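First the structure, which I've put down as structure tokens, then a few questions once you've had a look.
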Amino acid sequence: MPFPEPMVAHMRTELTSFGVTEMRTPQEVDQIFADSDGKTMLLIVNSVCGCAAANARPAVRMSLQAPNQPDSMVTVFAGQDMEATARARQYLAGIPPSSPFMALLKDGDPVFVLERRNIEGRSASAIAMDLVGAYEKFCGNGNGVETIESTITASQDSLPGTFRSIL
């Protein structure tokens, strides 16, 4: 049974407010994946858990400051949009389900994965640095590697105090 929509609405908007495309149906998932040929895409499996709120979603936001970015960022919500989440996981054959979860895909294939075990207990800035490193390797031309740490440090200044306190 899905979580009540009022409970998760603010968790959805935390990602969609900065341009992450939400996929709520299996058909939307199939369409976005069909359109990903020749492109890079960050897939985020959102969650109501504390590590999604404190670490995963803020890390995605911080990673937006990097010079290289995926062509698109998309999300499904585990525990809410269960059919869409199940469909997205079908595109990740061999990778166990986890939430929160992030995968950078290139030409539809996962090239970088952060499972819950790679998110839980780590700071948002450390996770963001992992994402930025993956963007540098798979999304860009290799320039700007030396700017990863300064990018993350600068983005911390724009976070609410509650986020800065956990970094």
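Per-residue answers, yes or no, for (1) among the β-branched types (V, I, T); (2) closer than 22 Å to Q27 by Cα; (3) at pLDDT 95 or above:
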{"residue": "S63", "(1), (2), (3)": "no, no, yes"}
{"residue": "N68", "(1), (2), (3)": "no, no, yes"}
{"residue": "A88", "(1), (2), (3)": "no, yes, yes"}
{"residue": "D109", "(1), (2), (3)": "no, yes, no"}
{"residue": "S125", "(1), (2), (3)": "no, no, yes"}
{"residue": "F138", "(1), (2), (3)": "no, no, yes"}
{"residue": "T147", "(1), (2), (3)": "yes, no, no"}
{"residue": "L159", "(1), (2), (3)": "no, no, no"}
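How many residues are farther than 17 Å from M73 by Cβ and surrounded by 19 or more Cβ atoms within 10 Å (Cβ to Cβ) when one looks only at the stretch 91-115?
Count: 1.
Still on this structure, I have one more. Taking A88, is it surrounded by 18 or more Cβ atoms within 10 Å (Cβ to Cβ) and part of a helix (DSSP H, G or I)?
Considered against the rule, which asks whether it is surrounded by 18 or more Cβ atoms within 10 Å (Cβ to Cβ) and part of a helix (DSSP H, G or I), A88 comes out as yes.
Follow-up. Which one of these is more than 20 Å from M129 (Cβ to Cβ), touching a residue at least 40 places away in the same chain (Cβ under 8 Å) and of a type in the set (A, V, I, L, M): A54, A84, A93?
A84
Let me ask something else about it. Would the stretch 30-40 turn up any residue that is surrounded by fewer than 22 Cβ atoms within 10 Å (Cβ to Cβ), closer than 29 Å to P6 by Cα and touching a strand residue (DSSP E or B) at 6+ places or on another chain (Cβ under 7 Å)?
Checking the stretch 30-40: at least one residue is surrounded by fewer than 22 Cβ atoms within 10 Å (Cβ to Cβ), closer than 29 Å to P6 by Cα and touching a strand residue (DSSP E or B) at 6+ places or on another chain (Cβ under 7 Å).
Of the conditions (1) surrounded by fewer than 20 Cβ atoms within 10 Å (Cβ to Cβ); (2) touching a strand residue (DSSP E or B) at 6+ places or on another chain (Cβ under 9 Å), A53 fails just one. Which one is it?
For A53, the exception is condition (2).
Continuing with the same structure: Report, by residue number, each residue of the stretch 1-44 that is of a type in the set (A, V, I, L, M), more than 26 Å from G140 (Cα to Cα) and not in a loop (DSSP other than H, G, I, E, B).
M7, V8, A9, M11
Taking the condition buried (at least 20 other Cβ atoms within 10 Å of the Cβ) and farther than 27 Å from G121 by Cβ, does V45 pass?
Criteria not met by V45.
Something else: Here is a check on your reading of the model: is A34 more than 25 Å from R122 (Cα to Cα), free of Cβ contacts under 8 Å to residues at least 60 places away in the same chain, out of contact with any helix residue (DSSP H, G or I) (no Cβ under 7 Å at 6 or more places or on another chain) and not charged (D, E, K, R)?
In short, yes.
If I go through the stretch 104-131 residue by residue, how many of them are at negative phi, not in a strand (DSSP E or B) and not hydroxyl-bearing (S, T, Y)?
14
So, M62, is that one part of a strand (DSSP E or B), within 17 Å of G133 (Cβ to Cβ) and within 13 Å of the chain's Cα centre (by Cα) or not?
no
Matching residues to (1) surrounded by fewer than 16 Cβ atoms within 10 Å (Cβ to Cβ); (2) under 23 Å from M1 (Cβ atoms); (3) hydrophobic (A, V, I, L, M, F, W, C); (4) out of contact with any helix residue (DSSP H, G or I) (no Cβ under 7 Å at 6 or more places or on another chain):
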position: T25; (1), (2), (3), (4): yes, yes, no, no
position: C49; (1), (2), (3), (4): no, yes, yes, yes
position: S63; (1), (2), (3), (4): no, no, no, no
position: F77; (1), (2), (3), (4): no, yes, yes, no
position: D81; (1), (2), (3), (4): no, yes, no, yes
position: A84; (1), (2), (3), (4): no, yes, yes, no
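So which residues in the stretch 21-42 are among the hydroxyl-bearing types (S, T, Y) and out of contact with any Cys (no Cβ under 8 Å at 6 or more places or on another chain)?
The answer is T21, T25, S36.
The values are calculated or read from the model by the stated rules, or taken from the named source; none is laboratory data. As the structure is a prediction and not an experimental result, all values here were calculated from the model. Note that each Cβ is placed from the backbone with ideal geometry, even for glycine, and that neighbours are counted across all protein chains shown.
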